[in-house]
Each structure stands twice: as structure tokens, then as C-alpha cells.
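The values are calculated or read from the model by the stated rules, or taken from the named source; none is laboratory data. What you see is a predicted model, and the numbers here were worked out from it, not measured in a lab. Because the Cβ atoms are built from the backbone with ideal geometry, glycine has one as well, and the counts that use them run over all protein chains shown. The area values use the complete protein model at the heavy-atom level, side chains included, leaving out ligands, DNA and RNA. Shrake-Rupley method; radii C 1.70, N 1.55, O 1.52, S 1.80 Å.
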Amino acid sequence: MLKTLRPWRLASHILKGCAAPARRVSDSFKTFGGEIALAGSEGTPKKFANPFAQSSPAMSDGPAETEEDREKRRKVLQLEADIAHQEGRRVPTLDFFQDHHWDHVLSLPSKSARIKYYAFLWQINMKKEADQRKKAERAEDTERRIAELRKEREENTHIIYGLAHTSMFLRIYDTTINHWQNNRLTRAMQFAPKMVLDCSYDTHMNNREASYAAKQLMLCFAENRLNDEPFDLHYCNAQMEGRCMQSLKRYIPTMLNPEFPMNVHKQCFTELFDKQSLVYLTPHCREDLVTYNPDDIYIVGAMVDTMNNEPLSLAKAKRLGLRMARLPLDRFLQWGSGSGKSLTLNQMINIMLDLKKTGNWDSALKHVPRRKVVDMDSQRRTEDGRKALGTRARKLNVRIDHLLDFEEERRHATAFAAPPQALRQRKEGMEFQLDTWSAGKKKKKREN
């Protein structure tokens with residue numbers, strides 16, 4: 001424990017700018033429920049706060065944090081993570097952490113938030129290690145299988161036909177397919193209609209929403225590349241130092257290479273294209289998109305608004321003086337109860353791709369998740385079943401009413417057609433006599 005306290009004490013002194021060394025460990029540090037706080041000397045009753053529980057500079061009301069103070073806090077947090085890993089907690093090693101991980105750790109407001117984030121990174125690290133072990137096992141199995149196959153070929157002098165043997169078919173590698181798809185995107189840059197993804201909403205999203213937006217932008221590129229007739233996608237207003245673009249760069253490391261078929265612009269789309277041909281697709285406007293026009297350039301806002309539902313895209317389109325339209329979702333779909341009408345960016349790209357190819361909204365809106373809409377066929381079958389059940393119930397009620405009416409009529413006819421029954425009359429000499437009852441009983445016993 002003392003070995004771990006020494007570097008921690010040194011880091012705390014560096015963080016607080018304390019010049020005077022502590023006399024003893026017991027005088028310099030006090031432990032409160034596992035938290036280590038730096039205490040002052042006897043002459044200075046100043047109380048120091050816990051450096052691991054300080055709020056981030058962006059959230060505090062004080063002056064802006066300097067680079068030197070930020071680097072000191074980062075060293076202390078690295079020491080904290082290292083000690084927690086040595087104690088066997090759910091914290092990855094320091095080699096796993098990257099610069100964006102530490103930036104996120106520095107922005108967290110409390111130690112409990114850091115512990116949760118450390119556990120999240122630990123799960124990712126464990127999954128990567130498990131994948132590496134499985135990959136090594138598969139490599140060993142492949143080497144063993146190849147060795148057995150070579151031994152079998154050496155023993156057998158005949159020609160073997162089939163896969164991985166002598167064959168008339170040409171093998172197509174994954175790199176060949178990748179180059180072919182990139183070549184198709186290059187042709188789309190020359191001849192295909194253009195489409196814009198507006199990446200200027202990074203400041204309106206938190207860290208989780210920015211990561212979701214980056215993943216959806218990556219899926220947009222992948223879905224567009226797999227299509228037979230792709231769009232010429234343009235990522236405009238790209239803030240390369242923002243969270244969204246940094247996450248997208250981790251998904252696509254070669255996105256900024258000049259030979260890679262991906263258009264990333266820092267400029268606004270109004271500077272790159274004619275303003276008269278731009279149409280901003282926003283769900284907050286009132287005009288529906290009836291037909292697809294290949295001469296127009298459609299813009300989709302690259303924003304994940306799980307928390308912020310403000311009409312930011314509508315305000316931006318009005319501020320820039322652009323035409324606006326929305327997908328006719330309510331006209332062709334019946335939304336289920338409790339389901340939101342929000343669509344992801346890759347779903348929007350798939351809808352526009354099918355609309356460009358077929359011009360039919362029914363086939364284009366098949367990319368809307370089925371959990372959000374009500375299936376018309378199943379609903380029609382349910383309504384038909386309810387109607388049939390109601391018809392059967394009405395028929396049964398009529399039959400029961402007929403039987404009840406028949407029984408009532410029968411009882412009524414029987415009651416008036418039969419002669420009246422004679423009433424039961426009292427017979428003479430049937431009174432009970434107590435004085436002769438016991439004597440008669442004794443007389444019967446004597447006779448027996």
C-alpha cells in the first residue's frame with residue numbers, strides 16, 4: 001500500500017502546486033471512505049479539495065484551465081487508473097488508453113463517472129483480447145490444416161479438383177472487390193446526382209450522440225458504395241477537430257487520402273453548389289417531397305437528436321434561404337403507437353437511393369424499420385377476423401334468442417292446453433295421536 005501511496009502523493013503535490021514536502025504520510029494525507037485528500041500543515045488551516053472529484057474546466061464557472069494544469073490533472077488521472085488496475089479493478093492498462101480517451105476522462109465531472117467509463121473501456125479491452133486469442137487459435141488451426149493438406153498432396157500424385165485445388169474458376173479477392181467498389185464511386189463523382197450531408201451540428205450533440213452520428217455517417221458511406229447506382233456524397237461543414245469527425249476518422253482512417261473516393265469539405269454547401277438547386281430535407285417543414293428530381297441536390301442534416309428536438313435544420317434552411325421538403329411518411333405509412341418518427345442517416349440514404357432508382361415511395365419506404373409502423377396486411381387480417389367473429393356471435397345470439405322464444409311459447413301453450421290438475425286434499429283420520437302411538441308399537445312387538 002505504501003508503494004502505491006508514494007507516487008500518488010507526489011502527483012497530488014504536483015497537482016496542487018505544493019512546494020513544501022509533507023513531514024509524514026499520516027500528516028499529509030487523510031483517507032475518507034477510500035478518497036485521498038491533501039491536508040494542509042498545522043499552521044495553515046486551508047482545506048484542499050479532492051483532485052479526483054473536481055469538475056471539468058468546461059463546466060466550472062472559474063477561469064479557463066491552462067495547458068499546464070490540464071497536463072497535471074492528466075498525470076494524476078493516469079496514476080489513478082494505474083493504481084486501480086494494479087488493485088485488480090475493472091480498469092484497462094495504460095497502454096490501452098489513447099488521447100481521445102484521456103480527453104473524455106478529463107471532461108467527466110466526478111469519480112463515479114470515471115469509474116463507469118473505466119469499466120466500459122475495460123470491457124472493450126477484454127473483448128479485443130478475446131478476439132485476438134480466437135484469431136490466434138484460428139491461425140493455428142489453419143496452419144495445421146494446411147500442413148495436413150500438403151502432406152496429403154505429397155502422398156497423392158493424382159490431380160485433385162475442387163475449391164483450393166485445381167479449378168477452372170478465377171479466385172476474386174476482397175481487395176479486388178474493394179477496388180471495384182471504389183472505382184464505382186469514382187464514376188459516380190463524374191456522372192451521378194449529388195447529395196450533401198451537413199456535418200455542422202457537432203456543437204449541438206453530446207459525446208454519445210456524436211459517436212452515434214459518426215457511426216451513421218460511416219454506414220452512409222458503406223451503403224452508398226454497395227448500391228448499384230450510388231450518389232456522389234459530399235460531407236460539408238466538416239469540423240476536423242470536432243468529436244464527430246474524429247470518431248469518423250477512427251472508423252475510416254483513409255478518408256482524407258487524395259486517392260480515396262470520399263468528398264470531405266470544410267466549406268459550406270452554399271459555397272460549393274448552386275443555391276437554386278439545393279433542397280434541405282427536414283422533418284419540421286410542411287411541404288412534402290412528392291417526386292425525386294435528379295437536377296436537385298438534397299441535403300440531410302448529420303445530427304442525432306435523442307435529447308435535443310429543436311428544429312435546428314429548419315432554422316438553418318430558413319437562414320440560408322433554401323428550399324425545404326420532408327419525406328411523406330404520414331401519407332404512405334401508419335405509425336405504431338409509442339414509436340418515434342425519427343430515421344437514422346443511413347436509412348435516409350437508402351430511401352433516397354431506392355427513390356432515385358424506382359421513383360416509387362412504397363418500395364423506397366421499406367427501409368423504415370417495421371417496429372415503427374403498423375403492418376397493413378396483418379391489420380387487415382385482424383380486422384377481418386374481428387368481423388367474422390362478430391358475425392358468428394350475432395348468428396349465435398339470434399339462434400339462442402330463437403330457442404328461448406320457442407321454449408317460452410311451448411311453455412305457454414302447454415300451460416293453457418292441459419286440464420287443470422286437482423289440488424291435493426287432506427284425508428280424514430290422518431291426525432297424529434300420541435297416546436295410542438306407543439301402545440300400538442308395543443302391541444306389534446308382542447305379536448312378533
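Numerical summary
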item	result
Residue pairs, from the table Lys341/Lys366; Lys128/Lys215; Lys266/Lys372, whose Cα atoms sit over 25 Å apart	Lys266/Lys372
The stretch 301-370 shape via C-alpha gyration tensor axes, a/c threshold 1.5	oblate
Separation in nanometres of the label points that stand 7 Å from Cα toward Cβ, at Asp174 and Arg250	2.1 nm
Heavy atoms of Arg90 accessible to a 1.4 Å probe, total area in Å² rounded to 10	120 Å²
Length-normalised contact order for the stretch 265-327 - Cα pairs under 8 Å, 6+ apart - percent	51 percent
Between the stretch 163-203 and the stretch 113-153, the alpha-carbon center distance in angstrom	28 Å
His100 - accessible surface, heavy atoms, 1.4 Å probe, Å² rounded to 10	60 Å²
Cα-centred dipole magnitude for the stretch 239-290, charges only on beta-carbon of K, R (+1) and D, E (-1), debye, nearest 20	260 debye
With DNA, RNA and ligands ignored, accessible area of Asp82 (1.4 Å probe; Å², nearest 10)	50 Å²
